[in-house]
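**Q** So that we are looking at the same thing, I have put the structure below in C-alpha coordinates.
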Amino acid sequence: MTRKLCQTLAALLLFMLALPASAAFEPVTITGTAGARRSSFNGFDYELWTQRRDDDVSMTLTGAGTYECHWNDAYNVLFRMGKRLGSVKPYEDYGDIVLEYGAEHTITGGDVSYLCVYGWTQNPLIEFYVVENYGRYKPPGGKGFQGQIEVDGGLYDVYADTRVEQPSIEGTKTFQQYFSVRVDRRTEGTISLTEHFKAWEAMGLDMGGNLYEVALCIEGFHSSGSANIYNHILTIGDTEVGPDETPPSPSPQPAPSPSPAEEPSPSPDNPSPPPGGGESGFPVWLVIGVSAVLGLAIGLAVMKIMTKKR
(Lines give C-alpha, C1' and ligand atoms only; values in the text may rest on other atoms or scores of the structure.)
Protein backbone atom coordinates (compact mmCIF):
# COMPACT_ATOMS: atom_id res chain seq x y z
CA MET A 1 0.00 0.00 0.00
CA THR A 2 2.80 2.40 0.95
CA ARG A 3 4.72 1.67 -2.27
CA LYS A 4 1.62 2.36 -4.39
CA LEU A 5 0.97 5.60 -2.53
CA CYS A 6 4.57 6.73 -3.06
CA GLN A 7 4.33 5.91 -6.77
CA THR A 8 1.08 7.86 -7.04
CA LEU A 9 2.55 10.88 -5.25
CA ALA A 10 5.67 10.78 -7.42
CA ALA A 11 3.53 10.70 -10.58
CA LEU A 12 1.48 13.64 -9.28
CA LEU A 13 4.64 15.61 -8.56
CA LEU A 14 6.01 14.99 -12.05
CA PHE A 15 2.70 16.06 -13.58
CA MET A 16 2.68 19.31 -11.62
CA LEU A 17 6.27 20.09 -12.55
CA ALA A 18 5.50 19.37 -16.21
CA LEU A 19 2.70 21.95 -16.38
CA PRO A 20 3.21 24.34 -19.31
CA ALA A 21 4.75 27.69 -18.58
CA SER A 22 1.48 29.49 -19.31
CA ALA A 23 -0.20 27.62 -16.46
CA ALA A 24 2.43 28.89 -14.01
CA PHE A 25 1.26 32.50 -14.24
CA GLU A 26 -2.03 34.14 -13.42
CA PRO A 27 -3.37 36.40 -16.21
CA VAL A 28 -3.13 40.14 -15.60
CA THR A 29 -5.77 42.49 -17.04
CA ILE A 30 -5.17 46.19 -17.54
CA THR A 31 -7.63 48.77 -18.81
CA GLY A 32 -7.11 51.90 -20.79
CA THR A 33 -6.67 55.42 -19.60
CA ALA A 34 -5.27 58.35 -21.52
CA GLY A 35 -1.57 57.76 -22.12
CA ALA A 36 0.57 54.65 -21.75
CA ARG A 37 0.51 51.76 -19.30
CA ARG A 38 3.65 49.68 -19.68
CA SER A 39 5.87 47.29 -17.77
CA SER A 40 7.31 43.77 -18.17
CA PHE A 41 5.65 40.35 -17.94
CA ASN A 42 7.32 36.93 -18.28
CA GLY A 43 10.42 38.40 -19.92
CA PHE A 44 8.52 40.53 -22.45
CA ASP A 45 7.90 44.28 -22.42
CA TYR A 46 4.29 45.31 -22.98
CA GLU A 47 2.35 48.52 -23.46
CA LEU A 48 -1.28 49.58 -23.73
CA TRP A 49 -1.62 53.08 -25.13
CA THR A 50 -4.90 54.91 -25.71
CA GLN A 51 -5.50 58.50 -26.68
CA ARG A 52 -8.82 59.18 -24.92
CA ARG A 53 -9.42 58.54 -21.24
CA ASP A 54 -12.97 57.27 -21.71
CA ASP A 55 -12.20 54.71 -24.45
CA ASP A 56 -13.41 51.18 -23.66
CA VAL A 57 -10.22 49.11 -24.06
CA SER A 58 -8.53 46.30 -22.14
CA MET A 59 -5.48 44.05 -22.45
CA THR A 60 -5.07 40.71 -20.66
CA LEU A 61 -1.54 39.32 -20.40
CA THR A 62 -1.87 35.55 -20.67
CA GLY A 63 1.70 34.24 -20.75
CA ALA A 64 5.18 34.75 -22.14
CA GLY A 65 4.52 36.97 -25.16
CA THR A 66 0.79 36.20 -25.45
CA TYR A 67 -2.16 38.47 -24.74
CA GLU A 68 -5.81 39.17 -25.48
CA CYS A 69 -7.23 42.61 -26.13
CA HIS A 70 -10.46 44.36 -27.04
CA TRP A 71 -11.47 47.89 -27.96
CA ASN A 72 -14.94 49.35 -28.45
CA ASP A 73 -15.39 52.50 -30.53
CA ALA A 74 -11.85 53.55 -29.61
CA TYR A 75 -10.47 56.73 -31.07
CA ASN A 76 -6.85 55.58 -31.13
CA VAL A 77 -5.41 52.54 -29.33
CA LEU A 78 -2.29 50.40 -29.54
CA PHE A 79 -1.51 47.11 -27.76
CA ARG A 80 2.02 45.76 -28.00
CA MET A 81 4.21 43.01 -26.59
CA GLY A 82 7.89 42.54 -27.43
CA LYS A 83 11.31 43.77 -26.38
CA ARG A 84 12.69 47.25 -25.77
CA LEU A 85 16.35 47.00 -26.72
CA GLY A 86 17.40 50.49 -25.72
CA SER A 87 18.94 51.86 -28.94
CA VAL A 88 22.45 50.62 -28.16
CA LYS A 89 23.35 49.06 -31.52
CA PRO A 90 22.05 48.58 -35.10
CA TYR A 91 19.94 45.61 -36.13
CA GLU A 92 22.86 43.83 -37.86
CA ASP A 93 24.64 43.43 -34.52
CA TYR A 94 21.80 41.33 -33.07
CA GLY A 95 21.87 38.56 -35.67
CA ASP A 96 18.60 37.36 -37.18
CA ILE A 97 15.43 38.72 -35.58
CA VAL A 98 12.53 36.34 -36.17
CA LEU A 99 8.96 36.15 -34.84
CA GLU A 100 6.68 33.13 -34.93
CA TYR A 101 3.12 34.09 -34.16
CA GLY A 102 -0.50 32.98 -34.19
CA ALA A 103 -3.42 35.33 -33.68
CA GLU A 104 -7.16 35.85 -33.95
CA HIS A 105 -7.82 39.39 -35.17
CA THR A 106 -11.43 40.52 -35.55
CA ILE A 107 -12.63 43.99 -36.57
CA THR A 108 -16.28 44.55 -35.60
CA GLY A 109 -16.61 48.24 -36.39
CA GLY A 110 -14.75 50.82 -38.44
CA ASP A 111 -12.06 50.18 -41.00
CA VAL A 112 -8.67 50.80 -39.41
CA SER A 113 -6.95 48.08 -37.43
CA TYR A 114 -3.64 46.29 -38.01
CA LEU A 115 -1.93 43.13 -36.80
CA CYS A 116 1.73 44.00 -37.22
CA VAL A 117 5.31 44.01 -36.03
CA TYR A 118 6.15 47.49 -34.83
CA GLY A 119 9.25 49.33 -33.67
CA TRP A 120 11.67 52.22 -33.85
CA THR A 121 15.29 53.04 -34.57
CA GLN A 122 17.18 56.10 -33.38
CA ASN A 123 19.91 58.08 -35.15
CA PRO A 124 18.14 58.29 -37.52
CA LEU A 125 14.66 58.21 -35.99
CA ILE A 126 12.55 55.69 -37.94
CA GLU A 127 9.14 54.20 -37.08
CA PHE A 128 8.58 50.86 -38.85
CA TYR A 129 5.74 48.42 -39.45
CA VAL A 130 5.46 44.93 -40.95
CA VAL A 131 1.70 44.58 -41.39
CA GLU A 132 0.29 41.06 -41.60
CA ASN A 133 -3.48 41.67 -41.36
CA TYR A 134 -5.74 44.71 -41.65
CA GLY A 135 -9.32 45.82 -42.30
CA ARG A 136 -10.80 47.56 -45.31
CA TYR A 137 -8.24 50.33 -44.93
CA LYS A 138 -4.83 49.23 -46.19
CA PRO A 139 -2.06 51.12 -44.39
CA PRO A 140 -0.59 53.63 -44.97
CA GLY A 141 -3.23 54.68 -47.49
CA GLY A 142 -1.18 54.30 -50.67
CA LYS A 143 1.31 57.10 -49.97
CA GLY A 144 4.99 56.65 -50.76
CA PHE A 145 4.89 53.31 -52.60
CA GLN A 146 8.44 51.97 -53.08
CA GLY A 147 7.81 48.61 -54.74
CA GLN A 148 7.37 44.97 -53.72
CA ILE A 149 9.57 42.52 -51.83
CA GLU A 150 9.25 38.80 -51.15
CA VAL A 151 9.91 37.60 -47.60
CA ASP A 152 8.88 34.32 -45.93
CA GLY A 153 7.13 33.14 -49.09
CA GLY A 154 4.83 36.17 -49.36
CA LEU A 155 4.73 39.45 -51.27
CA TYR A 156 4.80 42.74 -49.38
CA ASP A 157 4.11 46.25 -50.67
CA VAL A 158 6.67 48.68 -49.27
CA TYR A 159 5.86 52.31 -48.44
CA ALA A 160 7.86 55.19 -46.99
CA ASP A 161 6.36 58.38 -45.62
CA THR A 162 7.55 61.44 -43.71
CA ARG A 163 5.79 62.41 -40.47
CA VAL A 164 6.19 66.14 -39.84
CA GLU A 165 6.30 67.31 -36.23
CA GLN A 166 4.48 64.28 -34.86
CA PRO A 167 4.81 62.39 -31.54
CA SER A 168 7.67 59.93 -31.31
CA ILE A 169 9.86 58.20 -28.74
CA GLU A 170 11.91 61.43 -28.72
CA GLY A 171 8.94 63.75 -28.32
CA THR A 172 7.46 65.78 -31.18
CA LYS A 173 9.77 65.28 -34.15
CA THR A 174 9.88 64.93 -37.92
CA PHE A 175 10.80 61.35 -38.87
CA GLN A 176 10.38 58.64 -41.51
CA GLN A 177 7.87 55.78 -41.42
CA TYR A 178 8.50 52.50 -43.28
CA PHE A 179 5.81 49.92 -44.00
CA SER A 180 5.90 46.37 -45.37
CA VAL A 181 2.26 45.42 -45.99
CA ARG A 182 1.53 41.79 -46.82
CA VAL A 183 -0.50 41.42 -50.04
CA ASP A 184 -2.17 38.14 -48.98
CA ARG A 185 -3.22 38.89 -45.42
CA ARG A 186 -2.67 36.26 -42.72
CA THR A 187 -2.90 35.80 -38.96
CA GLU A 188 -0.18 33.22 -38.31
CA GLY A 189 3.27 32.39 -39.56
CA THR A 190 6.91 33.45 -39.39
CA ILE A 191 8.17 37.00 -39.81
CA SER A 192 11.88 37.29 -40.63
CA LEU A 193 12.20 40.90 -39.56
CA THR A 194 15.89 41.17 -40.44
CA GLU A 195 15.05 40.25 -44.05
CA HIS A 196 12.60 43.16 -44.23
CA PHE A 197 15.29 45.51 -42.93
CA LYS A 198 17.75 44.27 -45.55
CA ALA A 199 15.16 44.60 -48.33
CA TRP A 200 14.34 48.16 -47.28
CA GLU A 201 18.02 49.08 -47.35
CA ALA A 202 18.34 47.58 -50.83
CA MET A 203 15.53 49.96 -51.90
CA GLY A 204 17.48 52.93 -50.54
CA LEU A 205 15.70 53.26 -47.18
CA ASP A 206 17.98 54.06 -44.25
CA MET A 207 18.05 51.37 -41.52
CA GLY A 208 21.44 52.34 -40.10
CA GLY A 209 20.11 53.59 -36.77
CA ASN A 210 20.22 51.80 -33.42
CA LEU A 211 17.29 49.47 -32.79
CA TYR A 212 15.04 50.68 -29.97
CA GLU A 213 12.15 48.20 -29.97
CA VAL A 214 10.56 45.17 -31.65
CA ALA A 215 6.96 44.32 -30.71
CA LEU A 216 3.96 42.31 -31.95
CA CYS A 217 1.10 44.80 -32.04
CA ILE A 218 -2.59 45.33 -32.52
CA GLU A 219 -3.49 48.88 -33.50
CA GLY A 220 -6.95 50.41 -33.88
CA PHE A 221 -8.13 53.83 -35.01
CA HIS A 222 -11.80 54.90 -34.99
CA SER A 223 -12.76 51.23 -34.75
CA SER A 224 -13.91 48.32 -32.58
CA GLY A 225 -12.56 44.80 -32.39
CA SER A 226 -10.72 42.12 -30.47
CA ALA A 227 -7.61 40.00 -30.79
CA ASN A 228 -6.04 36.97 -29.19
CA ILE A 229 -2.28 36.61 -29.62
CA TYR A 230 -2.12 32.94 -28.66
CA ASN A 231 1.40 32.23 -29.94
CA HIS A 232 4.38 34.58 -29.89
CA ILE A 233 7.98 33.42 -30.05
CA LEU A 234 10.52 36.20 -30.51
CA THR A 235 14.11 35.17 -31.27
CA ILE A 236 16.89 37.77 -31.33
CA GLY A 237 20.12 36.25 -32.56
CA ASP A 238 20.70 33.14 -30.45
CA THR A 239 18.33 34.25 -27.69
CA GLU A 240 14.65 33.32 -27.44
CA VAL A 241 12.91 36.03 -25.44
CA GLY A 242 11.08 34.71 -22.39
CA PRO A 243 11.12 34.18 -18.62
CA ASP A 244 14.57 32.52 -18.56
CA GLU A 245 16.22 34.72 -21.13
CA THR A 246 19.40 36.70 -20.87
CA PRO A 247 18.61 40.12 -22.39
CA PRO A 248 20.37 40.64 -25.73
CA SER A 249 21.62 44.04 -24.53
CA PRO A 250 21.31 46.41 -21.58
CA SER A 251 18.04 48.37 -21.75
CA PRO A 252 18.07 51.90 -20.33
CA GLN A 253 14.90 53.60 -19.15
CA PRO A 254 12.47 53.62 -22.09
CA ALA A 255 11.82 56.87 -23.89
CA PRO A 256 8.29 58.36 -23.84
CA SER A 257 5.83 56.18 -25.71
CA PRO A 258 4.70 57.45 -29.10
CA SER A 259 1.17 57.87 -30.31
CA PRO A 260 0.04 57.24 -33.87
CA ALA A 261 -1.72 60.62 -33.75
CA GLU A 262 -1.03 62.89 -30.78
CA GLU A 263 1.37 63.35 -27.87
CA PRO A 264 0.43 60.89 -25.09
CA SER A 265 -0.63 62.05 -21.67
CA PRO A 266 1.57 61.32 -18.63
CA SER A 267 1.76 57.60 -17.88
CA PRO A 268 -0.12 56.30 -14.82
CA ASP A 269 1.37 53.81 -12.41
CA ASN A 270 2.10 50.39 -13.79
CA PRO A 271 -0.56 47.79 -12.96
CA SER A 272 0.19 45.22 -10.28
CA PRO A 273 -0.38 41.47 -10.77
CA PRO A 274 -3.16 40.01 -8.61
CA PRO A 275 -2.22 38.21 -5.38
CA GLY A 276 -1.01 34.65 -5.88
CA GLY A 277 0.72 35.00 -9.21
CA GLY A 278 1.77 37.31 -11.98
CA GLU A 279 5.14 38.26 -13.35
CA SER A 280 7.03 37.54 -10.13
CA GLY A 281 7.02 33.77 -10.70
CA PHE A 282 5.00 30.66 -9.91
CA PRO A 283 1.62 31.19 -8.24
CA VAL A 284 1.18 30.38 -4.59
CA TRP A 285 -1.13 27.40 -5.19
CA LEU A 286 1.55 25.63 -7.25
CA VAL A 287 4.33 26.30 -4.73
CA ILE A 288 2.17 25.07 -1.82
CA GLY A 289 1.02 22.02 -3.77
CA VAL A 290 4.52 20.95 -4.76
CA SER A 291 5.80 21.53 -1.21
CA ALA A 292 3.00 19.44 0.27
CA VAL A 293 3.58 16.56 -2.12
CA LEU A 294 7.33 16.61 -1.48
CA GLY A 295 6.82 16.76 2.28
CA LEU A 296 4.36 13.87 2.28
CA ALA A 297 6.58 11.74 0.05
CA ILE A 298 9.63 12.34 2.27
CA GLY A 299 7.60 11.56 5.40
CA LEU A 300 6.36 8.29 3.98
CA ALA A 301 9.87 7.32 2.91
CA VAL A 302 11.20 7.99 6.42
CA MET A 303 8.37 5.95 7.97
CA LYS A 304 9.16 3.05 5.64
CA ILE A 305 12.83 3.11 6.62
CA MET A 306 11.95 3.24 10.34
CA THR A 307 9.56 0.28 9.94
CA LYS A 308 12.26 -1.81 8.24
CA LYS A 309 14.72 -1.11 11.08
CA ARG A 310 12.22 -2.37 13.66
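Listed here are the residues, each with its yes/no results for (1) among the charged types (D, E, K, R); (2) within 26 Å of D55 (Cα to Cα).
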position	(1), (2)
P90	no, no
A103	no, yes
G109	no, yes
E132	yes, yes
K138	yes, yes
G171	no, yes
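**Q** What is the one condition in (1) touching a strand residue (DSSP E or B) at 6+ places or on another chain (Cβ under 7 Å); (2) among the charged types (D, E, K, R); (3) more than 14 Å from W120 (Cβ to Cβ) that E150 does not satisfy?
**A** Tallying (1) touching a strand residue (DSSP E or B) at 6+ places or on another chain (Cβ under 7 Å); (2) among the charged types (D, E, K, R); (3) more than 14 Å from W120 (Cβ to Cβ), E150 fails exactly one: (1).
**Q** Please state which one of G109, G95, G142 is modelled with pLDDT under 95, more than 15 Å from D161 (Cβ to Cβ) and more than 14 Å from the chain's Cα centre (by Cα).
**A** On the way: G95 fails: modelled with pLDDT under 95; G142 fails: more than 15 Å from D161 (Cβ to Cβ).
Selected residue: G109, the only one of G109, G95, G142 that is modelled with pLDDT under 95, more than 15 Å from D161 (Cβ to Cβ) and more than 14 Å from the chain's Cα centre (by Cα).
**Q** Would you be able to say whether some residue in the stretch 164-178 is closer than 19 Å to V77 by Cβ, at pLDDT 95 or above and surrounded by 16 or more Cβ atoms within 10 Å (Cβ to Cβ)? Before the answer, list the steps.
**A** Quick first cut of the stretch 164-178, residues closer than 19 Å to V77 by Cβ only: 166-169, 177.
Checking the rest, the ones that are also at pLDDT 95 or above come to 177.
Checking which are surrounded by 16 or more Cβ atoms within 10 Å (Cβ to Cβ) leaves us with 177.
So far as the stretch 164-178 goes, yes, one or more of its residues are closer than 19 Å to V77 by Cβ, at pLDDT 95 or above and surrounded by 16 or more Cβ atoms within 10 Å (Cβ to Cβ).
**Q** Continuing with the same structure: In the set V131, V158, V164, V181, which member is touching a helix residue (DSSP H, G or I) at 6+ places or on another chain (Cβ under 8 Å) and either outside any loop (DSSP other than H, G, I, E, B) or hydrophobic (A, V, I, L, M, F, W, C) (or both)?
**A** V158
**Q** Tally time: how many residues in the stretch 184-210 are part of a strand (DSSP E or B) and closer than 18 Å to P90 by Cα? Before the answer, list the steps.
**A** The first filter runs over the stretch 184-210 and keeps only residues part of a strand (DSSP E or B), leaving 188-192, 210.
Filter once more, so that each one left must be closer than 18 Å to P90 by Cα: 192, 210.
Summing the residues that are part of a strand (DSSP E or B) and closer than 18 Å to P90 by Cα in the stretch 184-210 gives 2.
**Q** Same structure again: Checking V131 against (1) of a type in the set (V, I, T); (2) free of Cβ contacts under 8 Å to residues at least 12 places away in the same chain; (3) touching a Lys or Arg at 6+ places or on another chain (Cβ under 8 Å), only one condition comes out false. Which one?
**A** It fails just one condition, (2).
**Q** Within 20 Å of L211 (Cβ to Cβ), surrounded by fewer than 19 Cβ atoms within 10 Å (Cβ to Cβ), among the aliphatic types (A, V, I, L, M) and out of contact with any Ser or Thr (no Cβ under 6 Å at 6 or more places or on another chain) - does that describe any residue in the stretch 130-137?
**A** No: the stretch 130-137 contains no residue that is within 20 Å of L211 (Cβ to Cβ), surrounded by fewer than 19 Cβ atoms within 10 Å (Cβ to Cβ), among the aliphatic types (A, V, I, L, M) and out of contact with any Ser or Thr (no Cβ under 6 Å at 6 or more places or on another chain).
**Q** Which of the numbered conditions does S40 fail, given that it passes all the others? Conditions: (1) touching a Ser or Thr at 6+ places or on another chain (Cβ under 8 Å); (2) part of a strand (DSSP E or B); (3) more than 27 Å from Q176 (Cβ to Cβ); (4) not acidic (D, E).
**A** Failed condition: (1).
The values are calculated or read from the model by the stated rules, or taken from the named source; none is laboratory data. Model, not experiment: these values are computed from the prediction. Virtual Cβ from ideal backbone geometry, glycine too; neighbours counted across all protein chains shown.
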